[in-house]
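The values are calculated or read from the model by the stated rules, or taken from the named source; none is laboratory data. All of these numbers come straight from a predicted model, not from anything done at the bench. Note: ideal-geometry Cβ built from the backbone for every residue, glycine included; neighbour counts use all protein chains shown.
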Amino acid sequence: MKSSVNLNHNHHGSALQVRDVSASYPGGLRAVEHVTFSVQKGERVAIIGPNGAGKSTLFKAIAGLIPFTTGEISVQGQDCRSSHAYVGYVPQQNEIDWSFPVTVYDVVMMGRARHSKWFPWWQQVDHRRVDELLEQLSLAPFARRQISELSGGQRRRVFIARALAQEANILLMDEPFTGVDTVSETEIMATLDDLSRRGITILLATHDLGRASRDFDEVLLIKQKMLAYGLPEDVMQVNVLRQAFGAALRVFQQGDETIFIADQHGTAGY
């Protein structure tokens, strides 16, 4: 029997609304089915689920990178197909060619393409915005370095800066903690918390159930269909999580704290 947690959100004034959205892989296999949820401005939402659950596909549909076959997505009250500039997408590390010869400055500047009337001839306002973001994300000392020379955490911050350069109000981050050390994880999360306080809405896909429980305002559990959405203390329950993870979910008790770990088989993100 399916158990679903879904809080009564105020849909009016939502930063993001996803209504009955379905999307498919190339070839027609359904990746996500009839997903509905809304996110308020400045909220931090963790998207969790096993490999192949549809997290990456959902992000790509919201970002306008793939079509969705049913439903509708609105960003700040506008159809997402006319408001993609408001959505910044940071893909998984394995989707980026880190050997491509490009500087940190140039990667961030790419985010200005939608705003420049004279692309690729950048204006003073574009350079000023990129300089501001490099300072804000502690990347200014690396501006002229090749992206390949940076650490995993620094690379993630570069792509956050690129998303913000396009003046995105919604930031989608797909597995940003994969392949980075604990210090970098902490730095990335601190950056996201700061952006949230500034009114940027954060949706982040992660396999770290502990972080999803601790560091986010809400948690969305998905396995093709949305199984639960709500406060971490409501979603992070054994009977709810088992719907997605089954026997792969391991549960430990440490004092008064319940710790969840999901064994993930394979590394593909969908």
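Filtered by the rule that a residue be surrounded by fewer than 17 Cβ atoms within 10 Å (Cβ to Cβ) and of a type in the set (D, E, K, R), segment 34-88 gives 41, 72, 79, 81. For segment 18-29, what are the residues that are surrounded by 12 or more Cβ atoms within 10 Å (Cβ to Cβ), more than 12 Å from residue 67 (Cα to Cα) and not acidic (Asp, Glu)? Of everything in segment 18-29, those that are surrounded by 12 or more Cβ atoms within 10 Å (Cβ to Cβ), more than 12 Å from residue 67 (Cα to Cα) and not acidic (Asp, Glu) turn out to be 18, 19.
In segment 129-141 there is no residue matching the filter, namely being outside any helix (DSSP H, G or I), of a type in the set (Lys, Arg) and at negative phi.
Collect the residues in segment 118-128 that are part of a loop (DSSP other than H, G, I, E, B) and without any contact (Cβ under 8 Å) to a residue 12 or more places away in the chain, keeping them in residue-number order. Steps first, answer last, please.
We begin by selecting, within segment 118-128, every residue part of a loop (DSSP other than H, G, I, E, B); these are 118-123.
Selection gives 118, 119, 120, 121, 123.
Working carefully through the options 181, 174, find the one that is charged (D, E, K, R) and crowded, with 22+ Cβ neighbours inside 10 Å.
Result: 174 is the single residue among 181, 174 that is charged (D, E, K, R) and crowded, with 22+ Cβ neighbours inside 10 Å.
Restrict the check to segment 230-248 and report whether at least one residue is surrounded by fewer than 20 Cβ atoms within 10 Å (Cβ to Cβ), of a type in the set (Phe, Trp, Tyr) and over 30 Å from residue 143 (Cβ atoms). Checked segment 230-248: no residue is surrounded by fewer than 20 Cβ atoms within 10 Å (Cβ to Cβ), of a type in the set (Phe, Trp, Tyr) and over 30 Å from residue 143 (Cβ atoms).
Are any of the residues in segment 95-110 on the phi > 0 side of the Ramachandran plot and out of contact with any Lys or Arg (no Cβ under 7 Å at 6 or more places or on another chain)? The answer is no, given that none of the residues of segment 95-110 is on the phi > 0 side of the Ramachandran plot and out of contact with any Lys or Arg (no Cβ under 7 Å at 6 or more places or on another chain).
Given the criteria among the aromatic types (Phe, Trp, Tyr) and crowded, with 19+ Cβ neighbours inside 10 Å, does residue 216 qualify? Yes. The set of residues in segment 136-155 being closer than 15 Å to residue 195 by Cβ and either in contact with a strand residue (DSSP E or B) (Cβ under 7 Å, 6 or more places away or on another chain) or modelled with pLDDT of 95 or more (or both) consists of 139 alone.
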